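The values are calculated or read from the model by the stated rules, or taken from the named source; none is laboratory data. No experiment lies behind these values; they were computed from the predicted model shown. Methodologically, a virtual Cβ is constructed for each residue, glycine included, from the backbone with ideal geometry; neighbour enumeration extends over all protein chains shown.
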Ligand SMILES: Cc1ncc(C[n+]2csc(CCOP(=O)(O)OP(=O)(O)O)c2C)c(N)n1
Ligand SMILES: [Mg+2]
């Protein structure tokens, strides 16, 4: 089974200057932070269900940039309605990646709905996403990396990952104002 940190590292390796990353609270934020501090990353902390709306807003506001969301199954399940909104807006510069360990690992590993019959890729399809995938292994992950870096279509991918206990790697700041100002500065500075 895929491991979350090497998966995120592999997907972002060689990222273009134009690729901005948003992570969902907890584990996904530790994973993104583990790839190194980067001002093009916005890492959510504590707030659950808001990472995808933020990524959509960023993609709309900065259409010349590519935006990747890296979040968890629990975090996306908290605000599933956003998938319908995103599919309707359909920004080509947005890629949604869910690290699906079928649990709320950050709070003790309680099983999420995806441990049962819930299939996030099918939900995304039902919401209207034309391009979706579920990733289980290295070859599917390599194909997803190509899609992400091609950056020419809205994509949703559910990446099945192992449950692991890993050291927490903190982002630059837990202060929301500090974090958003730092991110906004670079997002605007890089505007074409
Ligand atoms: C509204 C709200 N409910 C509950 C929490 C507590 N909480 C923090 S992280 C988390 C689990 C997130 O699960 P998931 O997105 O699947 O991440 P992972 O399994 O990768 O840790 C929960 C329930 C919260 N921060 N906000
Ligand atoms: Mg999870």
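To keep it simple, each residue is scored yes or no on (1) in a strand (DSSP E or B); (2) modelled with pLDDT of 95 or more; (3) within 16 Å of ligand 1 (Cβ to nearest atom); (4) closer than 24 Å to residue 166 by Cα.
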{"residue": "79", "(1), (2), (3), (4)": "no, yes, yes, no"}
{"residue": "95", "(1), (2), (3), (4)": "yes, yes, no, no"}
{"residue": "117", "(1), (2), (3), (4)": "no, yes, no, no"}
{"residue": "130", "(1), (2), (3), (4)": "no, yes, no, no"}
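Within segment 20-48, how many residues turn out to be over 12 Å from the mean Cα position of the chain (by Cα) and either within 18 Å of residue 94 (Cα to Cα) or part of a strand (DSSP E or B) (or both)?
1
Looking at segment 142-176 only, could you name the residues that are crowded, with 18+ Cβ neighbours inside 10 Å and at pLDDT below 95?
If the condition is that a residue be crowded, with 18+ Cβ neighbours inside 10 Å and at pLDDT below 95, then 151 is the only one that fits.
Among residues belonging to segment 97-115 that are assigned to a strand (DSSP E or B) and touching a residue at least 24 places away in the same chain (Cβ under 8 Å), point out the one that is farthest from ligand 2 (Cβ to nearest atom).
97
From the set of residues in segment 98-111 that are more than 6 Å from ligand 1 (Cβ to nearest atom) and in contact with a helix residue (DSSP H, G or I) (Cβ under 6 Å, 6 or more places away or on another chain), which is nearest to residue 51 (Cα to Cα)?
Just the residues of segment 98-111 that are more than 6 Å from ligand 1 (Cβ to nearest atom), to begin with: 98, 100, 102, 108-111.
Okay, now just the ones that are also in contact with a helix residue (DSSP H, G or I) (Cβ under 6 Å, 6 or more places away or on another chain), so 98, 100, 102.
On the way: 98: 11, 100: 15, 102: 18 Å.
It comes out as 98.
Does residue 34 meet the test of being within 16 Å of ligand 1 (Cβ to nearest atom), touching a helix residue (DSSP H, G or I) at 6+ places or on another chain (Cβ under 7 Å) and free of Cβ contacts under 8 Å to residues at least 40 places away in the same chain?
So residue 34 fails the test.
If only one of 188, 123, 169, 159 is in a helix (DSSP H, G or I), more than 18 Å from residue 91 (Cβ to Cβ) and touching a helix residue (DSSP H, G or I) at 6+ places or on another chain (Cβ under 9 Å), which one is it?
Values: 188 fails: touching a helix residue (DSSP H, G or I) at 6+ places or on another chain (Cβ under 9 Å); 169 fails: in a helix (DSSP H, G or I); 159 fails: in a helix (DSSP H, G or I).
It is 123.
Residue by residue through segment 49-64, note down the ones that are under 10 Å from residue 94 (Cβ atoms) and surrounded by 15 or more Cβ atoms within 10 Å (Cβ to Cβ).
Answer for segment 49-64, where residues must be under 10 Å from residue 94 (Cβ atoms) and surrounded by 15 or more Cβ atoms within 10 Å (Cβ to Cβ): 52, 55, 56, 58, 59.
Here are some conditions: (1) part of a helix (DSSP H, G or I); (2) surrounded by fewer than 17 Cβ atoms within 10 Å (Cβ to Cβ). Residue 16 meets all but one. Which one does it not meet?
(1)
Could you tell me whether residue 68 is crowded, with 18+ Cβ neighbours inside 10 Å and in a strand (DSSP E or B)?
Judged against the criteria, residue 68 is a match.
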